[in-house]
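What follows is a set of notes on a single structure, which appears directly below.
Just so it is clear, none of the values below were taken in a lab; they were calculated from the coordinates. This structure is a prediction, so every number in the text was calculated from the model and none was measured. Cβ coordinates were reconstructed from backbone atoms using ideal geometry, including for glycine residues, and neighbour counts include every protein chain displayed.
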Amino acid sequence: MKHAWFKTTLAIAVASASCQLMANGLAINEQSVSGMGTGFAGRSSSAQDASTVFGNPAGMSRLERAEASVGVAAIKANTKISNVDSSVTGTNKGDIAPEAAVPFGYYVRPLNDKWHFGLGVYVPFGVISDYESTSQGRHHGLYSKVQVMTVQPTLSYQINDRVAIGFGPTINKIDGKLTSNPIAALDSPAEVNIKGDDIGYGFNAGILVDVTERLAWGFTYHSKVEYELEGRIRTSGFPTGTPLPVPPNESYKATLDFTSPESADTSVTYKANDKWTLYAGATWTRWSQLDSIVAELKQPLPGFSEVGEELNWEDTWSYAVGVAYQLNPGWVLRGGFTLDESPTSNADRTVRIPVSNRKIVSLGAGWNINRDWTMDFAYSYLRESQGSVDRGDYRADYRNSAHGAGVQLTHRF
């Protein structure tokens, strides 16, 4: 049996999407600043540095020396909420996405003429949304935080002069936290708090082909990862006599089977001449894995054994084109444009998932300080189409935008 008070639970905590990050759903794109500069076009067909461990592990075969890349991307978002129709009084400031920083690091080392070893640490999924305590939509969602941290040891093999393959298992740690104010209409401070975590395993595999001396094609597959989150549902501040299916102001153990979606990225890189390089790519993500998610109490109570949320997410495509211009031996300039589909629609969008179709413009630069050191910079601006949230007792229009900036340092030795 499900109950309205608990409809938004641990399940939706890990399904909450990020309006402040540069990929749709709850995915994060910021695993490489050199790739960020071209809008991640050519991510699977170009190996610019050690961040290819994520972009395409086969690309490690193109790195002639050992190298390490570390970087961070910072995101500042803005959400405009308008045309609100709600049974709950309150505010709609729209400042729901605090500033976020996304770090990453990679190491690649040639073992011999055929084999390379690599190691990556990065964040493939994440979200933080934090509404003000007086938000009119607070009964549908107040605070969400979900993060996945991944460690990926990797090997690549150069089959011949034109073809290389790569593979790496992934060890993924997920943490989720959620807060909601389910009886806001009664002007009550009552809250439901949910936390959970788990470790799941998957893999990242790719192939890189030099079709000609100027044209390269790549394909990368990121597997799904299955988790069984174990956490607790806590209720606090409920007035005496509140008609809950469980005693208020208590703590309950719960589990959730959750599968993060697999994705496939294919792209081409074309070196037109010594100055110009062109990139194009497409990424498919199986968001339909999140059609619905249910959390179960480990000790079911009479009339109450599970809580859940219908998401009805759909698979998506993202398309990107980019260009790089070698200004001189020390500097390369980059640009890119990305179209990113939303996994949700007006019929299913929630306050925790207020994302819509996106357009992203990116600029970047790479500075070859010397033979051993390179620094990359990137900036992206994201703007979404307007999307509507209709939860019955809460209706509103959302429009999101974001600024992202990143820096990355690579050392070869």
message = Which of Tyr131, Tyr201 has the fewest other C-beta atoms within 10 Å, and how do the rest follow up to the most?
response = Tyr201, Tyr131
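If you rank Arg399, Arg349, Arg65 by fewest surrounding Cβ atoms within 10 Å, what's the result? Walk me through the numbers before you get to the answer.
Working: Arg399 18, Arg349 22, Arg65 11.
Going from least to most buried by this count: Arg65, Arg399, Arg349.
Considering only Cα-Cα distances, which of the following residue pairs are longer than 18 Å: Lys80/Lys195; Lys195/Lys224; Lys195/Lys298; Lys173/Lys224? Let's see the in-between values first.
Numbers: Lys80/Lys195 28 Å; Lys195/Lys224 22 Å; Lys195/Lys298 14 Å; Lys173/Lys224 14 Å.
As for pairs spanning more than 18 Å Cα to Cα, those are Lys80/Lys195; Lys195/Lys224.
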remark   = Scalar couplings 3J(HN,Hα) for region 32-42 by Karplus 6.51 cos²θ - 1.76 cosθ + 1.60 (θ = phi - 60°), nearest whole Hz, x for Gly and Pro, are 7, 7, 5, x, 4, x, 9, x, 6, 5, x
query = Can you list residues whose amide H is under 5 Å from Asn29's amide H, if they're 5+ apart or on another chain and H is modeled 1.01 Å from N?
reply = Met22, Ala23
request  = Tell me which residues come under 5 Å, amide H to amide H, from Asn312 once H is placed; ignore anything under 5 positions away on its chain.
outcome  = Ser292
inquiry  = Can you list residues from other chains, or at least 5 along the same chain, whose modelled amide H is less than 5 Å from the amide H of Ile96?
reply    = Thr79
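If each residue's Cβ is checked for other Cβ atoms within 10 Å, how do Ile207, Ile171 rank with the fewest at the top?
Details: Ile207 19, Ile171 14.
Exposure proxy ranking, most exposed first: Ile171, Ile207.
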ask   = So what are the ³J(HN,Hα) numbers for region 134-143, from phi and the Karplus equation (6.51, -1.76, 1.60; θ = phi - 60°), rounded to whole Hz, Gly and Pro as x?
value = 9, 4, 5, x, 5, 6, 9, x, 10, 9
ask   = Tell me, what HN-Hα J-couplings in whole Hz come from the Karplus equation 6.51 cos²θ - 1.76 cosθ + 1.60 at θ = phi - 60° for each residue of region 314-324, using x for Gly and Pro?
value = 10, 4, 10, 10, 10, 10, 9, 10, x, 8, 10
request  = May I ask you to derive the FRET efficiency for Asn160 and Lys80 from their Cβ-Cβ distance with R0 = 51 Å, giving the value to the nearest 0.05?
outcome  = 0.40
